[in-house]
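The values are calculated or read from the model by the stated rules, or taken from the named source; none is laboratory data. Note that the structure is a prediction, hence the values are computed from the model and not measured. Cβ placement follows ideal geometry from the backbone for every residue including glycine, while neighbour counts extend to all protein chains displayed. Ligands, DNA and RNA are excluded from the accessible area calculation, which covers all protein heavy atoms including side chains. Shrake-Rupley method; radii C 1.70, N 1.55, O 1.52, S 1.80 Å.
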Amino acid sequence: MMRVLHVIGAMDRGGAETMIMNLYRAIDRDVVQFDFVVHEERPCDYDEEIQDLGGRLYRVPRFTGSNMLSYRRAFREFFGEHGEHRVVHGHIGSSAAMYLSEAKRAKRYTIAHSHAQNYPLSLEQLAFRVLSYPTRFIADYYMACSSEAGRDRFGSRIVQAENFKVLKNGIALEQYRCDQAAHLACKKAYGYDVSVPLVGHVGRLDSVKNHRFLLEVFSLVKKEIPNARLVCVGRGPLADDLKHAACELGIGESVDFLGVREDIPNLLKAFDAFVFPSFKEGLSIAVIEAQSSGLPVLASTGVPEGAILVEDATRLPLSQGAAAWASKCLSILDSACDRRDNVDEVRLQGFDIDDSARWLERFYLSRQP
């Protein structure tokens, strides 16, 4: 059996982490097994499942910028002690140039993987770009969830090269099959009256997801449909601020913050519209999942065009403002018809996790000496 080492920040329920876990569940673990280097001491959402699946977790100190020498030393010592990982697959970008350099020093095959487009320039983002830039000259192979995410992180030259691959964020599609009966059943199961329009969002409660704009949009929707509800799934540093903002907008009683959930497919089946106004996304598994469940999607142009897979999903620039977004959301809710099954259409566009896992399995094995 081949063991592959994934380097990641923390195995919580984020987009990149969920993608890795989807692959991990689908790959043939008798042939390829995953281990993880994480930068977090506390137990994380997926730690127990990783261990149940046969994976190992190794912990290193978080890179702070001022601990560059000790950070490199930690990886040098790790690779000196662990010779079983012939492939090192890096998902954390700010320190990739350091840990992938140490992996190459130890004669491992290295992969750099981009999961996000560049965010609006700030001091933090500028530091990230400076630190991650040397990765372009270090890794043996490059992957990204979209061409946009690849160009932003690695540059056009690499995206056009033979050692680059857009690895689509596949999902377990059969879990998302939905028709009108399933939609109504899920709505009832969560305690909502079938006549109540549910606007949904799944994503970390972080500034890049633009929840404040979402709340403003929903406040305008609610003026036209008083019994509508907004359901936000996820956790993050802005949780308290967003709850306060909802109350300030007078919609606090109509917004459900559900936190982290394991029942995303059924929640998506219960929703009537999915609104996703992120500033920037590498791809967005949530948008793919929503479309797979037959849910009409309204996303920002911060979501790559390649994530729009079906006819009832659309992108709208944030610059058009909350009123235009509310108008489009109202149009979706007003024109709601029986739920359609999009699974086969999404599968044809390459987002079946089994297809992604088989390709990645073959790729890893072909890199084994």
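Before moving on, here are some points about what is shown:
- Restricting region 114-150 to residues that are in contact (Cβ under 8 Å) with a residue 24 or more places away in the chain and among the polar types (S, T, N, Q), the residue that is surrounded by the fewest Cβ atoms within 10 Å (Cβ to Cβ) is Asn118.
- Applying the criterion of being without any contact (Cβ under 8 Å) to a residue 12 or more places away in the chain and closer than 27 Å to Gln320 by Cβ to the residues of region 248-279, the residue that is farthest from the chain's Cα centre (by Cα) is Glu248.
- Single unsatisfied condition, Ala97 versus (1) part of a helix (DSSP H, G or I); (2) within 30 Å of Lys209 (Cα to Cα); (3) out of contact with any helix residue (DSSP H, G or I) (no Cβ under 8 Å at 6 or more places or on another chain): (3)
- Only one entry of Arg347, Arg358, Arg367 meets the criterion of being open to solvent by 30 Å² or more (accessible area, probe 1.4 Å), in contact with a helix residue (DSSP H, G or I) (Cβ under 7 Å, 6 or more places away or on another chain), closer than 30 Å to Arg29 by Cβ and of a type in the set (D, E, K, R), and that entry is Arg347.
- Output for region 129-186, where each listed residue is assigned to a helix (DSSP H, G or I) and of a type in the set (S, T, N, Q): Ser132, Thr135, Ser147, Ser156, Gln175, Gln180
- Hits in region 268-315 (condition: aliphatic (A, V, I, L, M) and within 21 Å of Val196 (Cβ to Cβ)): Leu268, Ala270, Ala273, Val275, Ala290, Leu295, Val297, Leu298
- Set Asp241, Asp206: member being open to solvent by 10 Å² or more (accessible area, probe 1.4 Å) and free of Cβ contacts under 8 Å to residues at least 24 places away in the same chain: Asp241
- Filter pass, Leu318 being in contact with a strand residue (DSSP E or B) (Cβ under 8 Å, 6 or more places away or on another chain), over 17 Å from Phe279 (Cα atoms) and surrounded by 13 or more Cβ atoms within 10 Å (Cβ to Cβ): no
- When region 50-67 is filtered for residues that are on the phi > 0 side of the Ramachandran plot and either surrounded by 12 or more Cβ atoms within 10 Å (Cβ to Cβ) or β-branched (Val, Ile, Thr) (or both), only Gly54 remains.
- Residue match in region 73-81 (condition: of a type outside the set (Val, Ile, Thr), within 27 Å of the chain's Cα centre (by Cα) and open to solvent by less than 30 Å² (accessible area, probe 1.4 Å)): yes
- Selection count, region 280-301, where residues are at pLDDT below 95 and over 11 Å from the mean Cα position of the chain (by Cα): 1
- Checklist (1) at positive phi; (2) touching a residue at least 12 places away in the same chain (Cβ under 8 Å) applied to Asp47, failing item: (1)
- Qualifying residues in region 13-42 (those that are under 18 Å from Gly236 (Cβ atoms) and part of a loop (DSSP other than H, G, I, E, B)) - the one most open to solvent (accessible area, probe 1.4 Å): Arg42
- Filtered residues of region 152-197 (kept if within 18 Å of the chain's Cα centre (by Cα) and open to solvent by 30 Å² or more (accessible area, probe 1.4 Å)): Asp152, Lys165, Val166, Lys168, Ala172, Gln175
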